[in-house]
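Data block below; observations after.
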Amino acid sequence: MDPVWLPYAVGGGLVLVAGGALALSRKKQLPPGAAQGTLDPISDEELGHAETLPVGSPGADSGPGRAIQRGNPLRQGLEKTRGGFVSRIGNLLSKKQIDAALVDQLEEILFTADIGAKTAAKLFQAVRDSLSRNELKDAQTVLRVMRQESEALLRSAVDGRPALDPIHTQHKPFVVLLIGVNGVGKTTTIGKLAARWTAEGKKVLLAAGDTFRAAAAEQLEIWGQRTGSPVVRGREGADPSSVIFDAAKRAIAENYDILIADTAGRLQTKTNLMDELGKVKRVLQKALPTAPHETLLVLDATNGQNAIQQASVFKAAMDVTGIVLTKLDGTAKGGVVLGISDELGLPVRFVGVGERVEDLREFNPAEFVDALYDSSLEIS
């Protein structure tokens, strides 16, 4: 049976009916004057090869632009990390006998994990302190202490900091500046944030401030088309500050709710490029003195402890308000979240656990710890 596209009543989407199965697509956003009716089916990467259910099946999601996936995406995204140092801890504690040898092995596992030496020492000390108080009688209790301490580390970076809330903020436009080195996923993160906030009814403008990379503006415009978010861009090699300044002026004049600004990817070791970030902020504040309201540093989880080093340098150069950690699903180094929160005192705002828009998940410490120390590690 050939696929048949039919109008969908909610959200201007369309459904693809093929062989009794339901798949979904978004209507492509086209430039003024372009031919209408062109379809832009969601790519396999965005869908994450999620399972599609027959029409009318229990649990089938009828909302536009959504694929059906069973299971916990965060738990699935952290599968490789659980197979790394967390699995080693689980295997160690399965011996159940608490003795000096076990404690030494636990220390070795923690200090060879990608959570940073400072954080490893803190987790290990929490276990040692409990042992010294004779509170730990079995391996299950050791694991519980580690879970509690991990969540406490993550919460300590959030406490006292306002939540990232462009939906209910009094700032209009609410300006979000994204920074980070090349290849960490800044442009994709911007697109997913735009999709999230436009779906919540907000009017979003994008600024192509990465003028040094030839494909950056083009990639951002693709996301702009998909999400219905216009893009302000300059010529290749233009001053990034001027592009973001122009975007801020337009956001004010046209009453946009949110402005998301890209910046050039730069090595944290290049002082002149890091200084350019300061210029971006100063020029932006000439258009909107309170901006940026959030400065998100995008880090690649696959870099492990190098991500902590990157974050340290960026934090020294900019007033970073939060972290977006991408590619958690592709690495066994997801424990770096603990090190970033602990060593830098920066809250993780979002984590990326897949290619789909909804796989950029708002970070919740308790949810993350539950997924990290999966129930399969519980020791009976």
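Elements of the type strands (runs of 3 or more DSSP E) sitting completely within region 313-380 and holding at least 1 residues that are aromatic (Phe, Trp, Tyr) and out of contact with any Cys (no Cβ under 9 Å at 6 or more places or on another chain): these cover 348-352. Here Ile252 meets the list (1) touching a Ser or Thr at 6+ places or on another chain (Cβ under 8 Å); (2) farther than 27 Å from Leu325 by Cβ almost entirely, failing just condition (1). One residue stands out among those in region 285-300 that are of a type in the set (A, V, I, L, M, F, W, C) and outside any helix (DSSP H, G or I): the one that is farthest from His171 (Cα to Cα), which is Leu299. Would you please name the residue that is surrounded by the fewest Cβ atoms within 10 Å (Cβ to Cβ), looking only at residues in region 162-194 that are charged (D, E, K, R) and touching a strand residue (DSSP E or B) at 6+ places or on another chain (Cβ under 8 Å)? Result: Lys192. Going residue by residue through region 268-280, is there one that turns out to be assigned by TED's automatic domain parsing to the domain that holds Thr326 and crowded, with 22+ Cβ neighbours inside 10 Å? Among the residues of region 268-280, at least one is assigned by TED's automatic domain parsing to the domain that holds Thr326 and crowded, with 22+ Cβ neighbours inside 10 Å, which makes the answer yes.
Quick check, is Glu149 without any contact (Cβ under 8 Å) to a residue 60 or more places away in the chain, in contact with a Leu (Cβ under 6 Å, 6 or more places away or on another chain) and either within 30 Å of Phe368 (Cα to Cα) or not in a helix (DSSP H, G or I) (or both)? Criteria met by Glu149. Go through the residues of region 116-125 one by one and say whether even a single one is touching a residue at least 40 places away in the same chain (Cβ under 8 Å), within 30 Å of Ala287 (Cβ to Cβ) and not in a helix (DSSP H, G or I). No. Answer yes if at least one residue in region 262-271 is free of Cβ contacts under 8 Å to residues at least 24 places away in the same chain, part of a loop (DSSP other than H, G, I, E, B), over 23 Å from Leu164 (Cβ atoms) and under 26 Å from the mean Cα position of the chain (by Cα), and no otherwise. Yes, because at least one residue in region 262-271 is free of Cβ contacts under 8 Å to residues at least 24 places away in the same chain, part of a loop (DSSP other than H, G, I, E, B), over 23 Å from Leu164 (Cβ atoms) and under 26 Å from the mean Cα position of the chain (by Cα). Being within 15 Å of the chain's Cα centre (by Cα) and among the aliphatic types (A, V, I, L, M) holds for only one residue in Leu372, Leu284, Leu288, Leu299, and it is Leu299.
Conditions tested, residue by residue: (1) crowded, with 21+ Cβ neighbours inside 10 Å; (2) free of Cβ contacts under 8 Å to residues at least 12 places away in the same chain; (3) out of contact with any helix residue (DSSP H, G or I) (no Cβ under 6 Å at 6 or more places or on another chain).
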position: Asp300; (1), (2), (3): yes, no, yes
position: Gln305; (1), (2), (3): no, no, yes
position: Ala317; (1), (2), (3): no, no, no
position: Gly322; (1), (2), (3): no, no, yes
position: Gly334; (1), (2), (3): yes, no, no
position: Pro347; (1), (2), (3): yes, no, no
position: Val353; (1), (2), (3): yes, no, no
position: Val369; (1), (2), (3): yes, no, no
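Scanning region 360-376 turns up no residue that is among the basic types (Lys, Arg) and in contact with a Gly (Cβ under 7 Å, 6 or more places away or on another chain).
The values are calculated or read from the model by the stated rules, or taken from the named source; none is laboratory data. Bear in mind the structure is a predicted one, so any value in this text is a computation, not a measurement. Virtual Cβ from ideal backbone geometry, glycine too; neighbours counted across all protein chains shown.
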